[in-house]
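Below: the structure, in structure tokens.
The values are calculated or read from the model by the stated rules, or taken from the named source; none is laboratory data. Worth saying up front: this structure is predicted, and the values here are computed from it rather than measured. Every residue, glycine among them, receives a Cβ derived from its backbone with ideal geometry; neighbour counts consider all protein chains shown. SASA here: full protein model, heavy atoms, side chains in, ligands and nucleic acids out. Shrake-Rupley method; radii C 1.70, N 1.55, O 1.52, S 1.80 Å.
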Amino acid sequence: MNTKEIIAMTEAHYLPVFGRFPIAIDHGEGATLYDADGKAYIDFLAGIATNALGYHHPAIVKAVCEQTQKVMHTSNLFYTEIQAKAAQQLAEVTGMDRVFFANSGAEANEGIIKLARKYGSRKNPAKFRIITAKDSFHGRTMETLTATGQDHYHEGLTPLPEGFTYVPFGDLAAIEAVMDDDVCGVLIEPIQGEGGVHVPAPGYLEGVKALCEKHDALFLLDEVQTGVCRTGKWFAYMHSTVKPDAMSLAKAIGGGFPMGAFVTTERLAHVFKPGDHGSTFGGNAISCASCYATLKTLKELHMDEAAARKGDYFQKGLKALQKKHPDKIADVRGKGLLIGAELSKAGACLVGRALEKGFIINCTAGNVLRFVPPLIITEGEIDQLLQCLDELLAEF
Ligand SMILES: *Cc1c(COP(=O)(O)O)cnc(C)c1O
């Protein structure tokens with residue numbers, strides 16, 4: 001089928017909830033995607049910060065193929081070697097003690113929200129409030145869209161679950177002002193992704209953790225987007241001096257397979273009693289094979305350091321563009337390969353123009369170009385995008 005036919009068939013049957021690029025992807029090679037008509041695109045979106053190793057890394061293909069020959073799914077009523085290995089590997093790279101596998105970021109966040117509620121309820125039935133940040137993004141289930149501090153995700157969905165309080169991101173005094181002993185958890189992204197790539201000032205995570213400790217609340221980090229080498233460390237919390245009590249993960253951990261997870265500490269390992277939480281597909285054998293191969297390969301490639309290096313190079317290039325087009329680029333920010341370029345006006349048209357020129361980029365929060373390429377992107381490919389942006393900004 002060609003692009004036109006694929007789009008027509010999709011539009012005839014699929015629920016029209018996505019604003020999609022007008023292309024149909026056929027396959028990928030490295031950080032390049034090819035559409036059904038054979039046109040190539042250098043990819044700066046990576047399936048939304050997911051395909052860290054590109055689209056079919058040989059180590060992942062091998063691990064997945066081998067697992068499919070053995071068993072694809074068992075449920076969690078049984079043990080499997082591959083789940084044991086994936087859990088051990090994930091505990092090691094996160095620096096945490098206990099792992100739970102889910103299927104998506106939203107589900108991972110549901111898990112840590114439930115963990116905080118259970119934790120609070122043990123102390124006091126009224127200890128259920130969870131503080132989250134404005135402009136955050138935590139997922140699309142009822143609980144996680146309520147945790148998400150953006151009104152437009154709440155519209156038309158009332159009554160929403162109770163017990164969430166929103167504060168401006170990056171503002172410790174704002175948390176302190178609403179913090180009390182009825183709070184069971186504070187949930188934030190260490191760097192806000194979907195909300196426009198907002199990096200808090202140094203010391204913010206440390207301050208949030210201290211407030212959590214003072215009020216016996218759990219310090220919860222959503223590292224669904226920032227995790228797995230994206231920001232130039234294995235996890236973004238590693239840029240700080242504190243560790244979360246629990247952390248949600250998804251996107252890149254599955255190496256392209258649907259997988260979410262949360263990790264927590266030994267202290268909290270028994271907050272859930274057997275039966276309090278679960279999943280049929282979570283920790284599925286194939287997802288675990290993909291996860292294990294992904295983490296192992298990223299480790300072998302020292303991808304945390306590589307992402308930091310390439311991210312610095314990319315940001316330098318964008319800052320040079322900002323100097324050249326000061327009226328068009330208002331700010332360049334981010335860490336590692338999670339980078340935002342804030343434009344002086346809405347950026348959707350730039351995304352369309354870049355696509356025509358063979359580059360996949362993304363615009364979030366209306367006017368922030370968000371770059372989250374596969375971590376295997378090369379400096380040469382970054383140069384090509386910078387050159388393209390230079391031309392596009394001239395006419396923007
Ligand atoms: C993408 C994302 C989610 C939701 O993940 P899904 O897998 O789409 O449910 C949650 N939190 C953050 C920070 C995200 O970027």
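The lysine pair tally for segment 93-229, using Cα distances under 17 Å and a gap of 8 or more places or different chains, is 5. Of the peptides 194-205, 109-120, 17-28, the ranking by mean beta-carbon count within 10 Å, highest at the top, reads 109-120, 194-205, 17-28. A 1.4 Å probe run over segment 254-396, with the rest of the protein chains in place, finds 40 Å² accessible per residue.
For the listed peptides 61-74, 82-95, 367-380, a ranking on the average number of other beta carbons within 10 Å per residue, highest first, reads 367-380, 82-95, 61-74.
Nonpolar atom fraction for the chain, defined as the carbon and sulfur part of the 1.4 Å probe accessible area, stands at 55 percent.
Pair-distance distribution P(r) for segment 265-396, from all Cα-Cα distances in 5 Å bins starting at 0: 2, 9, 16, 17, 13, 10, 9, 9, 7, 5, 3, 1, 0 percent. Summing Cβ point charges (Lys, Arg +1; Asp, Glu -1) relative to the Cα centre of the chain gives a dipole of roughly 520 debye. Mean residue ellipticity at 222 nm, helices only, the chain: -12000 deg cm²/dmol; runs of at least 4 DSSP H residues each add -39,500 (n - 2.57), and the sum is divided by the number of residues.
Shape analysis of the chain based on the Cα gyration tensor places the equivalent ellipsoid semi-axes at 33, 27, 20 Å, largest first. If you take all other residues with their beta carbon under 12 Å from the beta carbon of Thr50, and give Lys and Arg +1 and Asp and Glu -1, the sum is +1.
For segment 1-72, pairs of C-alpha atoms spaced more than 20 angstrom apart make up 47 percent of the total. Packing order of peptides 277-286, 121-130, highest average first: 277-286, 121-130 (average count of other Cβ atoms within 10 Å over each peptide's residues).
With both residues required to sit in the chain, DSSP beta bridges show an antiparallel share near 60%.
Using C-alpha pairs under 8 Å with a sequence gap of at least 6, the mean separation divided by the residue count of the chain gives a relative contact order of 22 percent.
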